[in-house]
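The values are calculated or read from the model by the stated rules, or taken from the named source; none is laboratory data. Please read these numbers as outputs of a predicted model, since none were measured by experiment. Neighbour counts run over all protein chains shown; Cβ positions are idealised from the backbone, glycine included.
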Amino acid sequence: MTHPTPAGTPAPDSTAAAAVLRLTDVTLRLGTGQQQVTALDGVGLSVAPGRFLAVTGPSGSGKSSLLAVAGGLQTPTRGSVHVAGVDLTTLKEHQRTAHRRHHIGYVFQHANLLASLTAREQLLLPAHVAGRLDAAARRRADELLDAVGMTARADRRPHQLSGGERQRVGLARALLLAPEVLLVDEPTSALDRARAREIVELLAQQTRAHRTATVMVTHDTEILDAADHVLVMRDGRLT
Amino acid sequence: MFLAVRDLRFARGRFALIGAVVAMIAVLGVILSGLASGLADSGISSLRALPVTHLAFDKSASGELFSRSTVTRDTWRAWAAQPGVREAEPLGQQLVHAQLSGPGGKQLDLAVFGVRPTGFLAPAPATGRPLSADPNGILVSEEIAKDGVKVGDRLIAGQADTPLTVIGTIGHASFGHVGVVYAPLALWQKLHYGLPGALPPAATGQATAVALRLAPGAGTAAIDHRLGTRTVGKAGTYAASPGYTAESSTMTLIRGFLYAISALVVGSFFTVWTIQRRQEIALLKAIGASTGYILRDALTQVAVVLLAATAAGTAAGLALGGAMNASAPFALKTGQVTAAALLLTALGLAGAAVAVRRITGVQALTALGADR
């Protein structure tokens, strides 16, 4: 199940028990004094394996902050963030990095591929980072490239790929280590309609196939129908 | 190495550029090392080869001791009788102008070392006869032989036109960039005083210094005090060779600047490189790479570039140095070349290490475009 929960309250027990991503009463304030802004305001959220949650809302509403906090890239001012049973807010930075390595996959706005690596090498990178670059990882990379339709372009570098192809590779890279949680940041912002539809359907398909708890933030209202649930974020609150 | 190697391949133009700069610095490093060694050899190789542990000079002499010191027979005899002294003999040193006999004979500068012909300082000739064979005979070094002087030649030297006969040759030996000849002490005294005819009795009992072979740990301070001398270890006498100290310190300064520039250039390159990679570094952190992982990768990249460029530059420097050998005082010593290459690599790594420390400050959050 995927649930928003009322501000400041935890998710219902039935949801919480199944969820691999659970944010409870998360508040994030940025800046100090007069310049301080509340990016997230008592956000509660839980996402179960195999569920695809889309979060939409205007610019500056806190969508990217939600992804940053959910992935342990930023520590909330208040509240807890549980990923695969561990509260990220209790971990030190290097522990959060290690937890992210094994449990969280990120798909970025512009794919964020490394210029010097081929498509196949982009997928192998997380395995090398995790010290698991073995035959099994290579096999899985090839399977994922096949799943996202990139086998024929596996030896191309990012500048030789289209925007849609780059996003496919970015998605496959995020899935290589079979993370429980997949966090997706504006995956279609640089794509035309057809490519955007293609990518979001691929996301939905891979979410079900790999049973990841997927959270996608997007401005693009035309792709929301691919998600299991859609939440709207305004002024740091989920509705 | 996963990223380091692939970045090197992908951005080979940029890395080739910094590699070329490091290689050129390595070439300069080798050439300067060779020149420093060559100049040192040309200045002090004769002193280095002396079979002594110390030299005792007149205590009132300072600076260029060899041209300012005079010791007497009493002094070297007294030194020979001191405890801990295994050998003590007079050594004369004098720079003189000479000319090969015959019309239009070639003019030469000679650094004349005067020694007892049968003493421990007298060198064994490589060719020809020993000093003891002829009171007017001299042994010439290869530096003099290169000027066309050969066994059997006659020369006229010094202010009194003292006749000299070349009776043999020795290996390389120079003093203050002048080729060395060995002469019997009495002949050296004639050249030193430059007086026609027989020397006054006082002049026949003088030399420049007392050459000493001391037992290990033998003290010299009390003897110096008693005999009016100043004893200097063999290495300490090098500074008394004309121009040696100034040349050495100049070369050391130039090399120091070269290595400092190298560290700065490498550091600057990798600072720019690291700044350009900010987004990639943020991505690596976002997908779970530790700072240690990224630093190791970056430093491996630096090490590969530095080692390859230094090796190439050193090889080119050796080839260039070999070609220079005939036209300049140039001597390559394996130890010095290796040390120069290692120093260049180490300082480059240090410069780059400071640069890539910026990696620690990159936030993973940047990967999300939070600061776009």
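Among the candidates B:ARG357, B:ARG296, single out the residue that is out of contact with any Lys or Arg (no Cβ under 9 Å at 6 or more places or on another chain) and within 14 Å of chain A (Cβ to nearest Cβ).
The match here is B:ARG296.
From the list B:ALA16, B:ALA40, B:ALA23, B:ALA56, which residue is among the small types (Gly, Ala, Ser) and under 13 Å from the mean Cα position of the chain (by Cα)?
Exactly one residue qualifies, and that residue is B:ALA40.
Name every residue in the range A:98-121 that is buried (at least 21 other Cβ atoms within 10 Å of the Cβ), more than 7 Å from chain B (Cβ to nearest Cβ) and within 17 Å of the chain's Cα centre (by Cα), in order of residue number.
Hits for the range A:98-121 are A:HIS103, A:ILE104, A:GLY105, A:VAL107, A:ALA111, A:LEU113.
Which one is farthest from B:ALA311 (Cα to Cα) among residues in the range B:32-60 that are in contact with a helix residue (DSSP H, G or I) (Cβ under 7 Å, 6 or more places away or on another chain) and either part of a loop (DSSP other than H, G, I, E, B) or modelled with pLDDT of 90 or more (or both)?
Within the range B:32-60, the match that is farthest from B:ALA311 (Cα to Cα) is B:LYS59.
Return the pairs, sorted by first residue and then second, in which the second residue is part of a helix (DSSP H, G or I) and modelled with pLDDT of 90 or more, the first residue lies in the range A:52-70 and is more than 25 Å from A:ASP87 (Cα to Cα), the beta carbons are less than 6 Å apart, and the residues are 6+ apart or on different chains.
What qualifies is A:GLY57/A:LYS63.
List pairs: first residue in the range B:225-244 and at positive phi, second residue among the hydroxyl-bearing types (Ser, Thr, Tyr) anywhere in the structure, Cβ distance under 9 angstrom, at least six positions apart or on different chains.
From the range B:225-244, the pairs are B:GLY228/B:SER60; B:GLY228/B:THR75.
Only one of (1) crowded, with 21+ Cβ neighbours inside 10 Å; (2) touching a residue at least 60 places away in the same chain (Cβ under 8 Å) fails for B:GLY205. Which number is that?
The single condition B:GLY205 does not satisfy is (1).
Could you tell me which of the residues B:ALA211, B:ALA282, B:ALA222 is of a type in the set (A, V, I, L, M), in a helix (DSSP H, G or I), assigned by TED's automatic domain parsing to the domain that holds B:ALA111 and over 22 Å from the mean Cα position of the chain (by Cα)?
Exactly one of B:ALA211, B:ALA282, B:ALA222 is of a type in the set (A, V, I, L, M), in a helix (DSSP H, G or I), assigned by TED's automatic domain parsing to the domain that holds B:ALA111 and over 22 Å from the mean Cα position of the chain (by Cα), namely B:ALA222.
Considering only the range A:161-180, state which residues are under 18 Å from A:ARG51 (Cα atoms), of a type outside the set (A, V, I, L, M) and crowded, with 24+ Cβ neighbours inside 10 Å.
Within the range A:161-180, A:PRO179 is the sole residue that qualifies.
Considering only the range A:1-55, state which residues are at pLDDT 85 or above, in contact with a Pro (Cβ under 7 Å, 6 or more places away or on another chain) and farther than 12 Å from A:PRO76 by Cα.
A:VAL20, A:GLY44, A:LEU45
Among the candidates B:ALA355, B:ALA323, single out the residue that is surrounded by 14 or more Cβ atoms within 10 Å (Cβ to Cβ), assigned by TED's automatic domain parsing to the domain that holds B:ILE18 and hydrophobic (A, V, I, L, M, F, W, C).
After applying the criteria, what remains is B:ALA355.
Determine if the range B:110-121 includes at least one residue that is among the polar types (S, T, N, Q), closer than 16 Å to B:PRO51 by Cβ and either assigned by TED's automatic domain parsing to the domain that holds B:ALA221 or surrounded by 13 or more Cβ atoms within 10 Å (Cβ to Cβ) (or both).
Within the range B:110-121, one or more residues are among the polar types (S, T, N, Q), closer than 16 Å to B:PRO51 by Cβ and either assigned by TED's automatic domain parsing to the domain that holds B:ALA221 or surrounded by 13 or more Cβ atoms within 10 Å (Cβ to Cβ) (or both).
Quick one: in the range B:276-293, of everything that is among the charged types (D, E, K, R) and surrounded by 18 or more Cβ atoms within 10 Å (Cβ to Cβ), which residue is farthest from the other protein chains (Cβ to nearest Cβ)?
Among them, the one singled out is B:ARG277.
Quick check on my filter: what residues within the range A:46-57 are surrounded by fewer than 24 Cβ atoms within 10 Å (Cβ to Cβ) and farther than 12 Å from A:LEU231 by Cα?
A:ALA48, A:PRO49, A:GLY50
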